[in-house]
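The values are calculated or read from the model by the stated rules, or taken from the named source; none is laboratory data. This structure is a prediction, so every number in the text was calculated from the model and none was measured. Cβ: placed from backbone, ideal geometry, glycine included. Neighbour counts: every protein chain shown.
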Amino acid sequence: MESLLPGSFPQLSSPLPSGGNYLGETKVKVGHSPREVQVYRCRARKILERQCVVRFQRHHSGFSVKKSTIYQENNAKFLVHAASGQPFESESGAYNPESTSKSVKNALDAFYRFSRPHTVIGTALSILSVSLLAIEKLSDISPLFFTGVLEAVAAALMMNIYIVGLNQLTDIEIDKVNKPYLPLASGEYSISTGVMIVTSFSIMSFWLGWVVGSWPLFWALFISFVLGTAYSINLPLLRWKRFAFVAAVCILAVRAVIVQLAFYLHMQTHVYGRPPVLSRPLIFATAFMSFFSVVIALFKDIPDIEGDKIFGIRSFTVRLGQNRVFWTCISLLEIAYAVAILVGAASSYTWSKYITILGHGILASILWNRAKSVDLKSKASITSCYMFIWKLFYAEYLLIPLVR
């Protein structure tokens, strides 16, 4: 390979190598066909011939030395590529499909983490579950139903991304301690990128709610926007997450009350055009999810105690300790499951009675066994249990439509 570097070319007076031996001494990479090798060698020979002509012209007609040198260097680059069996192409402008695919994958992964997928799944499942409570007869399951659900889910998910995104924007320094894998905390997203995302999604959410024309849906988005902003943004009298009780009330209001009532009324009044009647299953869902929302509000701070202490967030975990808050959460959920079993036992539908009692009994047992295995000295163990709580949250929304 060294024989083709600039400065090692034969002198002008030397004749060109014959028979292709000069290029034949170059090692060609394995994997190229004989035809390709022959093409590269032929092109290299022609360049050598042109180089000799240029040198001859420079010698006899005073051709610019600077231009000749640049031409020689460019030719040498081509010869290196040709002799190594690689096509000549611009190094800076080369298209690399593998690199592009990796960039797209990394961008999607960053947005996936930014959107906090466990909250996205919870929002989508809760809206679908509550919408099913509005079904009174089999004919209600129609394209109209699916259109109404899709409108509600799309608008709510956009607002969900606004809320969790705003929380990350105002908690960058805290997240560097508690959740360094989030895009803003890790530096994958700049602040301007985060602002652009949350602004865009909030506008799209309100726009869709307005276009749909459902007042229950629009008010659900508006109240969620107000509470989500007040919870996170660092302005006088706001940033309610600093106050444990107020923070819990915000989460309870959105997850337990607004989601249940507003999206049920969206289906009942806007989609089906019926009067706003609060059914027994809806009342049960609101009461049960009130317990669950309180648990989520308390439990989410248990693995974040270190960062909250540093930045002065006076959560219940900081005040009372991890062990006490952890077992308070487990006890509240077990009480909620006991109440659900009693509600199921009072049902007049045999199939609903058995499903409700058996389903909640199984979930209560699984929760208790999981809680006993948690190591409260390990942040990873506590975080894993927190994500398990969200799985129980999802499971409950699968049972709620069956409560009659």
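Observations, loosely collected:
- Residues of segment 325-347 satisfying the condition of being touching a residue at least 24 places away in the same chain (Cβ under 8 Å) and not in a helix (DSSP H, G or I): 347
- Segment 235-263 residues that are under 28 Å from residue 283 (Cβ atoms), paired with ones that are among the aliphatic types (A, V, I, L, M) and surrounded by fewer than 17 Cβ atoms within 10 Å (Cβ to Cβ) (beta carbon under 6 Å, 6 or more apart): 240/230; 240/246; 258/223
- Annotation: of all residues in segment 239-258 being more than 17 Å from residue 302 (Cβ to Cβ) and among the aromatic types (Phe, Trp, Tyr), the one that is surrounded by the fewest Cβ atoms within 10 Å (Cβ to Cβ) is 243.
- Residue 365 assigned to a helix (DSSP H, G or I), loosely packed, with under 15 Cβ neighbours inside 10 Å and not acidic (Asp, Glu): yes
- Cβ-Cβ under 7 Å pairs, at least 6 apart or on other chains, segment 206-224 side aromatic (Phe, Trp, Tyr), far side surrounded by fewer than 15 Cβ atoms within 10 Å (Cβ to Cβ): 218/210
- Single residue of 221, 227 found to be of a type outside the set (Phe, Trp, Tyr), out of contact with any Cys (no Cβ under 8 Å at 6 or more places or on another chain), assigned to a helix (DSSP H, G or I) and not assigned by TED's automatic domain parsing to the domain that holds residue 304: 221
- Test result for residue 308, of a type in the set (D, E, K, R), buried (at least 17 other Cβ atoms within 10 Å of the Cβ) and outside any helix (DSSP H, G or I): no
- Test result for residue 126, in a loop (DSSP other than H, G, I, E, B) and either at pLDDT 85 or above or not assigned by TED's automatic domain parsing to the domain that holds residue 182 (or both): no
- Condition met for residue 374 (aliphatic (A, V, I, L, M) and closer than 25 Å to residue 264 by Cα): no
- Test: residue in segment 201-214 that is under 20 Å from the mean Cα position of the chain (by Cα), farther than 25 Å from residue 308 by Cα, in the same structural domain as residue 263 (by TED's automatic domain parsing) and among the small types (Gly, Ala, Ser): yes
- Filter pass, residue 297 being surrounded by fewer than 17 Cβ atoms within 10 Å (Cβ to Cβ), in contact with a helix residue (DSSP H, G or I) (Cβ under 9 Å, 6 or more places away or on another chain), hydrophobic (A, V, I, L, M, F, W, C) and in a helix (DSSP H, G or I): no
- Residues of segment 180-205 satisfying the condition of being in a loop (DSSP other than H, G, I, E, B) and touching a residue at least 60 places away in the same chain (Cβ under 8 Å): 181, 182, 188, 189
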